[in-house]
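Enquirer: Have a look at the structure that comes next, please.
Every read-out reported here was derived from the displayed coordinates using simple, explicitly stated rules and does not represent laboratory data. These numbers come from a predicted model, not from an experiment. Ideal geometry is used to build each Cβ from the backbone, glycine not excepted, and the neighbour counts take in all protein chains shown.
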Amino acid sequence: MDRRHLALFVAVVDHEGFSAAADALGLAQPTVSVAVATLERELGMPLLQRLPRGVRPTAAGAALVEPARAVLRDFAVVESVAAAMQGLHGGSLDVVAIPTLTHELAELVGRFRALHPAVTVRCADPGVQSIESLVRSGACDLGLGEVPEDVTGLTCTPLGAQPFLLALPPGSAVPAALADLAFVATPVGTSSRAMLEEAVPDPVVVVETAQREALVPLVVAGAGAALLPEPLARQAAGLGARVLPTTPAVTRPFALLQRVGPLAPAAAAFVAAAVGVSHVTALPAVGGHA
């Protein structure tokens, strides 16, 4: 089985078509078609269903996608190890993080790039997929998020705890309890909503938005209160919102997730840099108790 054939098969799946995959890779469309057909012939089964517009994996193709990604990632590890014999003078690193850890990810990437400026870092958006699934499959080298309930196939390195603060519309009085507030929040199933529901059982949510970047403007506009990661809460404070710590404190432990087994040198160096700057952030005294 040819590694290149696997890579082109995965590209066709990702781009949902032979022509789109060929364009993305800078190849002729027949080259991609022949590679996939050769792989199908070697395996003795069709992997893609050709549709009038695009393709979709057959049952066999769908089952092959994630193992193929893992194989390709392992090949990349081998190549990176060879390149690392002369140091980290190039290559790339794919890291994915839950959206509310964007600030923490930026700090870690900045630290890593200062140490290894020749390595290109790609920060992936998890979309509807979980961080752990993207790391397990090999789609990403590392993930930054909460420690999942199922850690099978993963190594989790705790890095610290992210504080959440209460942001209130400008001029708001200090509430007696969080349960007295009307909240703006992300939808049920998101990590931020889970944090809110853990701190406030059955919260009153008056505005729900899937756009996390809308939370601060909504609070500042008076739409409701919000539990926000500290960087966002500070942003809200700068725009006039009243920001307070909660009692008890609301924090979220977070960790760096990696596949069990050897890491590519760039990924290993990122882990080392991350552990070197790991911390547990204490809630600042910004006045009052919620």
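Enquirer: For region 1-122, what's the radius of gyration and Dmax over Cα atoms, in angstrom?
Expert: Just the Cα atoms of region 1-122 yield Rg and Dmax of 17.6, 49 Å.
Enquirer: Evaluated at 4 °C with a viscosity of 1.567 mPa s, what Stokes-Einstein diffusion coefficient in µm²/s does the chain have when Rh comes from the Kirkwood expression over alpha-carbon pairs? Please report the intermediate quantities before stating the final value.
Expert: On the way: Rh = 21.5 Å.
Calculated translational D: 60 µm²/s.
Enquirer: Something else now. For Asp74, Asp202, which order do you get if you count the other beta carbons within 10 Å of each Cβ and list the fewest first? Could you put the intermediate results ahead of the total?
Expert: Values: Asp74 15, Asp202 7.
Final ranking by Cβ density, sparse to dense: Asp202, Asp74.
Enquirer: Starting from one equal scatterer on each C-alpha and no solvent at all, send me the Debye-based log10 I(q)/I(0) for region 1-71 at q = 0.12 Å⁻¹, two decimals.
Expert: -0.25
Enquirer: I need the semi-axes of the equivalent ellipsoid of region 161-249: take the C-alpha gyration tensor, multiply each eigenvalue by 5, square-root it, list largest first in whole angstrom. Show your work: numbers first, answer last.
Expert: Working: eigenvalues 53, 42, 34 Å².
With the √(5λ) rule applied to region 161-249, the semi-axes are 16, 15, 13 Å.
Enquirer: Residue by residue through region 142-157, what is 3J(HN,Hα) from phi via Karplus (6.51 cos²θ - 1.76 cosθ + 1.60, θ = phi - 60°)? Round to whole Hz and write x for glycine and proline.
Expert: Once θ is set to phi - 60°, the couplings for region 142-157 become 9, x, 10, x, 6, 6, x, 5, 9, 9, 4, x, 10, 10, 10, 10 Hz.
Enquirer: I'm a student and want to see the number: the projected area of the Cα convex hull of region 52-172, averaged over all directions, in nm².
Expert: Values: hull surface 50.7 nm².
Across all orientations, region 52-172 yields a mean hull projection of 12.7 nm².
Enquirer: Arrange the following residues from fewest to most other Cβ atoms within 10 Å of their Cβ: Val151, Val12. Numbers along the way, then the final one.
Expert: Numbers: Val151 13, Val12 27.
Arranged by neighbour count, lowest to highest, Val151, Val12 become Val151, Val12.
Enquirer: If we count every other residue with Cβ under 13 angstrom of Thr58's Cβ, Lys/Arg +1 and Asp/Glu -1, where does the sum land? Show your work: numbers first, answer last.
Expert: Working: positive: Arg50, Arg56; negative: Glu40.
With Lys, Arg at +1 and Asp, Glu at -1, the net is +1.
Enquirer: If you line up the Cα atoms of region 209-250 on their principal axes, what length do they span on each, largest first, in Å?
Expert: 26, 22, 18
Enquirer: Gaussian network model of the chain, Cα springs within a sub-10 Å range: biggest mean-square fluctuation belongs to which of His103, His15, His116?
Expert: Judging by the Gaussian network model, the answer is His15.
Enquirer: Based only on other Cβ atoms within 10 Å, what is the fewest-to-most ordering of Phe75, Phe112? If you can, show how the numbers build up before the last one.
Expert: Numbers: Phe75 14, Phe112 23.
Ranking Phe75, Phe112 by Cβ neighbours within 10 Å, fewest first, gives Phe75, Phe112.
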